[in-house]
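Please treat every number below as a calculation from the coordinates, not as lab data. Since this is a predicted model, take the numbers as computed values, not measurements. Backbone-built Cβ (ideal geometry, glycine too); neighbour counts: all protein chains shown.
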Amino acid sequence: MKPILLALVALIASSCGLLSNSNTEDNFIIRKYSVSLNKPIQETLFHRGKYYCLTNYGRLICLTSKFQIDTTITTLIDKEAFDFVYENADSLIGGRYNGENHYLGNDYAWRKHPNNIRLPALYEDNAFTAYQCCAGEFGGGLFFHEKKTGHIYSIPATCAVAINKISSNYYVTTSLAHGSGFSKVLLIPNPTMLYNMDNPEVDTLKNYCNWADIVKSKNREKYYDRAFARKVFEKGSTTLLDSMGTMAVASFIRNNKLYHLTTDFNHTTLAEIRNHAFVTLDTISNNAVWSYQPSLKNYPRMMIYSYSNDKSSGFITISEDTITYVKFR
């Protein structure tokens, strides 16, 4: 199918402007906005029709659905500082690493949450709940909790950012902005074929993020051969892509096809995998959206990727056929 270019009418707003647009061969509309803000952001949530951006200073800023700063709500919610934010049961939660959680009331006032809340899973369906952890350049892990049996199956993953399911197959995207940056995309037909964490070899290490590396270091002679170690710890998976220099910061499905939001240190693109390599379908921006602490939030009809680096910060929304890039300046 040849690319079909769609023209969009330019839009100028007080705090946001539609900078440009383009379209890929699969009819994705790409919109770009710029928001005047002198604070970098680290993650963004979509809550009750508005965007809530957590700055690197722990304060929240509210944007309207048209990506304009809602000064009224921003003033009301700028009373507390948090380390991270997430949603739980339709409530906006501000969390701190010391275990304190606050929820945002209907009057936009923060109140202490009475219960301990578990952070959202990376992925969940009827059979599994999947969680990931990341220790940066020291490794990471992906854990599938089987709901029926309670068993946990795991695979080393540095670091999982997305899980997508097509038919009965799970596609895992990993990414890390360390060194020149790298990504992997794994195919897992059946998570119960991964490494079973009930194995006594793991024992007390099953709660460790990089458990596989620790097991290998404790049994150097047994796992001296790297091919053998991969066969043991990465069983049940097939590597579809192993990329250096390009990071897939988000992955999503449209029309039963897997797409990737990719970035290097110069620009950001929409891509797919062909012959074990990323193939660019369109350029989203000439800005790089890599981040040492990326954030990807999933909603029923949208996902939001947030980033912050030494050049810029912002977020990208992907909703059906529309990709919207919001850059803070």
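Mean silhouette area of the stretch 207-329, derived from the convex hull of its C-alpha atoms and averaged over all directions, reads 10.1 nm².
Put simply, the convex hull of the Cα atoms in the stretch 263-329 casts, on average, a shadow of 5.1 nm². Between the stretch 211-252 and the stretch 266-327, the alpha-carbon centres lie 25 Å apart.
Normalised by 2.2 N^0.38 Å, with N the number of residues, the alpha-carbon radius of gyration of the stretch 123-290 equals 1.06.
When the alpha-carbon atoms of the stretch 113-182 are used, the pair Rg, Dmax equals 13.7, 43 angstrom.
If you count the DSSP beta bridges with both ends in the chain, what percent of them are antiparallel, to the nearest 5? Around 95 percent of the beta bridges assigned by DSSP in the chain are antiparallel ones. Note: the chain, Cα convex hull, 145 Å³ per residue.
Here the contact order of the chain, divided by its residue count and restricted to Cα pairs under 8 Å and six or more residues apart, works out to 15 percent.
Charged side chains reduced to their Cβ positions (Lys and Arg at +1, Asp and Glu at -1) give the stretch 181-329 a dipole of some 60 debye around its Cα centre.
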